[in-house]
Amino acid sequence: MSSLTPKAIADSSDDELFELLAKELERRISVSRESLEFVAEIQKLPIGLRAMAATYELDVSLAMDDLGWHFGNWHNPVLAEETIRGLDELGATQLAMIFKAAFQIALRYWDALGMKDWSKWYHDSALEKEIKPLNEQARKILEGKKNGIFEYWVSYTRKYPERIINAN
């Protein structure tokens with residue numbers, strides 16, 4: 001049973017709310033993020049949780065690497081489209097536009113990103129160079145946000161708790 005209730009949302013600090021959201025996603029998603037079933041499973045979640053599940057790895061990618069690296073690690077065009085929708089749903093409209101532009105560039109290099117040793121190819125590649133300005137724009141948007149994309153999760157949940165708690 002979920003511990004994510006309207007009262008819990010209202011009574012939680014931002015950090016506590018993020019923890020509740022993370023636990024709820026963990027509870028509801030039974031497959032690995034790397035599996036082909038991941039997107040199908042998150043599409044069954046309430047719209048807000050679906051958006052959060054789709055954007056989780058992007059936050060990690062932007063913190064640790066960059067957008068091009070994200071598409072190599074998460075080489076799934078359906079997940080990329082879901083991430084765009086998720087960013088829009090969460091109110092991260094500018095970030096969604098940047099991610100969409102990066103995805104359009106990445107599609108031109110999609111076969112290379114799908115190679116076994118794509119990470120060796122990526123460094124100093126034309127893709128890395130083309131995507132660099134978009135990385136800078138994305139980081140500038142997230143600059144000053146202590147918890148990156150996750151801050152959108154918290155503010156969204158406070159504004160639309162029904163989109164998190166309700167079934168669909």
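The values are calculated or read from the model by the stated rules, or taken from the named source; none is laboratory data. In this text, all values refer to a predicted model and were calculated from it rather than measured experimentally. Ideal geometry is used to build each Cβ from the backbone, glycine not excepted, and the neighbour counts take in all protein chains shown. Side chains are part of the model used for accessible areas, which takes the heavy atoms of the whole protein and leaves out ligands, DNA and RNA. Shrake-Rupley method; radii C 1.70, N 1.55, O 1.52, S 1.80 Å.
Points to keep in mind about this one:
- Considering (1) within 24 Å of Gln43 (Cβ to Cβ); (2) of a type in the set (D, E, K, R); (3) surrounded by fewer than 15 Cβ atoms within 10 Å (Cβ to Cβ), the lone condition that Arg163 does not fulfil carries the number (3).
- Set Lys129, Lys100: member being modelled with pLDDT of 95 or more, closer than 17 Å to Leu58 by Cα and open to solvent by 70 Å² or more (accessible area, probe 1.4 Å): Lys100
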